[in-house]
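Note sheet for the following structure.
The values are calculated or read from the model by the stated rules, or taken from the named source; none is laboratory data. Computed from a predicted structure; not experimentally measured. When we count neighbours, we look across all protein chains shown, and the Cβ atoms used for this are built from the backbone with ideal geometry, even at glycine.
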Amino acid sequence: MRSSPDAPIFADSSRICESDPNIETKIDVPLGSGISNRPPCDSYVSRVEAIAADWEPFGYQVDYCLAERTEQQCSFNGNLPIVLVVVVCNAVKAIIMLIVAVKLTGSPLITIGDAIESFLDRPDETTKGVCLLNRDQAALYAYVNPYREKTPGQQQWAGVEKIDVKSRVIRFRTLRWSKAASGRRWSVTIGLIVGALLMVVGFMAVAIQSINSKGTTLQDLGFGTVHASAVISDWSISNISDPSKQIIAAIFIANLPQAILSFLYLNLNGLLTSMWTALEFSQFAKERKFLRVSTPKARQRSTHFLQLPYKIALPLMTVSGLLHWLISQSIFLAVVAEYGAQNDLISAVGIASCGFSPTAMIMVLVVGTLLIVTAMLIGTRKYDSSMPLAGSCSAAIAAACHRPDWDVDAGVSAVQWGVVPDSGDENGVGHCCFTSGYVEPIQEGKQYGGPVQRLPEVGASKLHPDTKISSRLSAPWEDAILP
């Protein structure tokens, strides 16, 4: 207050809305009347500046304004506890990677090429003669009988030591890429992503409602910038007395969505990998080529650097990086330092909270939805139906690897899957397998070795809970259907 009519009074435009008792008669103050119900002055300061000639702070007429440009305050801040946690976690990860790289012995089955080579070198007697075994059929045999004691060195499935063989007449049918992964895997992966997007929708709705209540629009906020109307307030973190702990809590909240996205990425990557693994397996029916293995020998091919072909791995990594960046703009750490009228630092942590950007959230929803749609469209593509669908099922892969006795070096040679000439028995039942020798295409209407359709002796109630028995598989049937 000034002591006389001639004494100057100092005010800034962002506080005129609080000190001018007649401000509501001069501009359209958003949402409510009375000082207690008004949104922050910063949300409509442009309207206040437009009527500078009519300012009346504390009831006094303004004669002139004074402005002073203050020096910009820039700083680089770090949090030592968080830095130490990051360093320790990365050191532990590096040590584990080094131990795995140096100490891991043997021949791990990392790729489908590793599995094919292993079964070509050491054919599995359990699946001998059932060259048309596919993943769904193997699921009915592949669970160990809990009431039967295993013989050392011998694989035993649900009540059987060997799958019964019966000749099957081939009937081709179209199969989509989506069948390479189980329905449960599709449901979990897509369901988790959809659930995460619905959470974003919920947070976005709350965010938009919050900024609207303060008289701010999306255009006022910008994209991923700190704004007074877009900072979370009145939550438990504000009650923490230690500023350092406030920052750590806000950092944890701001980065939690990043961890969730990484988990979803791993699930989606696994889903796509299963489809491309099945595709690589099915291509051996049309083309002779060397196996792609983790430890190449002779002319064998090395694995993909990113486990997926570059044409899908690079776009997937790009979209993942884009989503990580968009999430970092959707919710982020907001630390505001407080300075006095003389540009002196009052508090280095005046506010420690999380800022948000509804515009960035909208972009997350758009990109995430496109990712789901793309994955489902990929799943509608068709496999070559001339080869059983094995996926990552070791039993189905093993059944396709009973090579001729003379083909001992098939694992390191260029191989192809097909009908081995003159391999039929006295009933004309043919045999299909991977081999480096000449093969003929499988022919519809001819007989080949296949499994006898049956449920395990332990009964359906003893099956693994993941086992899916479709009506086609559980019903009696005489013809093999590929895949």
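Please determine whether any residue of segment 286-295 is in a helix (DSSP H, G or I) and surrounded by fewer than 18 Cβ atoms within 10 Å (Cβ to Cβ). No, segment 286-295 contains no residue that is in a helix (DSSP H, G or I) and surrounded by fewer than 18 Cβ atoms within 10 Å (Cβ to Cβ). Within the set V429, V420, V408, the sole residue that is of a type in the set (A, V, I, L, M) and more than 22 Å from N134 (Cα to Cα) turns out to be V408. For segment 185-218, filtered to residues that are in a loop (DSSP other than H, G, I, E, B) and not small (G, A, S), the residue that is nearest to L271 (Cα to Cα) is T217. Among residues of segment 254-285 being farther than 30 Å from A115 by Cβ, surrounded by 16 or more Cβ atoms within 10 Å (Cβ to Cβ) and hydrophobic (A, V, I, L, M, F, W, C), the one that is modelled with the highest pLDDT is L261.
Residues that are charged (D, E, K, R) and in contact with a strand residue (DSSP E or B) (Cβ under 7 Å, 6 or more places away or on another chain): does segment 300-308 have at least one? Yes - at least one qualifying residue is present in segment 300-308. Here Y339 clears all of (1) among the hydroxyl-bearing types (S, T, Y); (2) at pLDDT below 85; (3) in contact with a helix residue (DSSP H, G or I) (Cβ under 9 Å, 6 or more places away or on another chain) except the condition numbered (3). The lone criterion from (1) at pLDDT 75 or above; (2) outside any loop (DSSP other than H, G, I, E, B) left unmet by L133 is number (2). Scanning segment 195-211 for residues that are touching a residue at least 24 places away in the same chain (Cβ under 8 Å) and surrounded by 15 or more Cβ atoms within 10 Å (Cβ to Cβ) yields A196, L197, V200, F203, M204, A207, I208, I211. Going by what's in this entry, would A390 be described as assigned to a helix (DSSP H, G or I) and closer than 24 Å to T295 by Cβ? Criteria not met by A390. Checking each residue in segment 301-326 for being surrounded by 14 or more Cβ atoms within 10 Å (Cβ to Cβ), within 22 Å of I112 (Cα to Cα) and touching a Ser or Thr at 6+ places or on another chain (Cβ under 9 Å) picks out T303, H304, Q307, L308.
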